[in-house]
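Everything on this sheet refers to the single structure shown next.
The values are calculated or read from the model by the stated rules, or taken from the named source; none is laboratory data. Note that the coordinates shown come from a computational prediction; the quantities given were computed from them, not determined experimentally. Positions of Cβ are generated from backbone atoms using ideal geometry, with glycine treated the same way; all protein chains shown enter the neighbour counts. When the accessible area is computed, the model is the full protein with side chains, heavy atoms only, and any ligands, DNA or RNA have been set aside. Shrake-Rupley method; radii C 1.70, N 1.55, O 1.52, S 1.80 Å.
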Amino acid sequence: MKKLLMMAALLLSWNAGALELAGVKLADTAQVGNAGLVLNGAGIRSKWFFKIYVAALFLPQKQTSGEAIIADEHEHRMALHILHELSSKKLFNALNEANHTTAELTALDAQLKQMAQIFDAVKEVKPGDVIALDFLPASGTQISVNGAARGTIAGAAFNRALLGIWLGNRPVQDDLKKGLLGG
């Protein structure tokens, strides 16, 4: 009996760190450049009654402030695990939903066009695909699909605007922000 209890405790502790959302098992850690990152939190992006993607935020250390994460210029990853098929246009629109001012969007026009070109080359994403948005301070935001680098967009300002979609004062979805912040 004692052995059985010890085995059960071992199995429970082994699975305690693994997070699963909408059937997506998320890693506890990620590597971006030379930086080892930890899973800060995750959540599901829904629109109407569709589950669009599971977002997982990886940081150098756990953080609960969206503003602090946006301001930080260390390596990080936002991984989007696709749950619903999206064309390149819908994918771009899904990542361009933030409530930015006209002046902010104008300042990011070249980067937004570059992001649109990257997603046009991707054409579409399907359930099971993973988009990684990796911020590398020396080069910018690297966009990868299923582990294949598709392009890098320079500038910390672009990355801050991108993170603002999920973590800003007016996030695309409040419960998604809460999940990404570990709540």
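Ligands, DNA and RNA excluded, the heavy atoms of residue 120 present near 90 Å² of accessible surface to a 1.4 Å solvent probe.
What separates the Cα centres of the stretch 20-44 and the stretch 46-85 is a distance of 9 Å. Angle of helix 2-16 to the longest C-alpha principal axis of the chain, folded into 0 to 90 degrees and rounded to 10: 0°. Per residue, the chain exposes 55 Å² of solvent-accessible protein surface, assessed with a 1.4 angstrom probe and all protein chains in place.
From the alpha carbon centroid of the stretch 158-181 to that of the stretch 99-122 is 17 Å. Restricting the chymotrypsin sites (Phe, Trp or Tyr not before Pro) of the stretch 102-159 to loop positions (DSSP other than H, G, I, E, B) with no more than 13 neighbouring Cβ atoms within 10 Å leaves nothing. Seen from all directions on average, the stretch 61-130 presents a Cα convex hull projection of 6.0 nm². About its Cα centre, the dipole of the chain is roughly 540 debye, where the only charges are +1 on Lys and Arg Cβ and -1 on Asp and Glu Cβ. Across the chain, the relative contact order, built from alpha-carbon pairs under 8 Å that are at least six residues apart, equals 22 percent.
Taking each of 89/126; 47/177; 62/89 in turn, the alpha-carbon distance tops 22 angstrom for 62/89.
In a DSSP loop and with at most 12 other Cβ atoms within 10 Å, the chymotrypsin sites (Phe, Trp or Tyr not before Pro) in the stretch 24-107 are 48, 49. When trypsin sites (Lys or Arg not before Pro) are flagged only if DSSP places them in a loop and at most 12 other Cβ atoms lie within 10 Å, the longest unflagged stretch of the chain comes out as 1-61.
Across all directions, the average flat footprint of the convex hull enclosing the Cα atoms of the chain is 11.8 nm².
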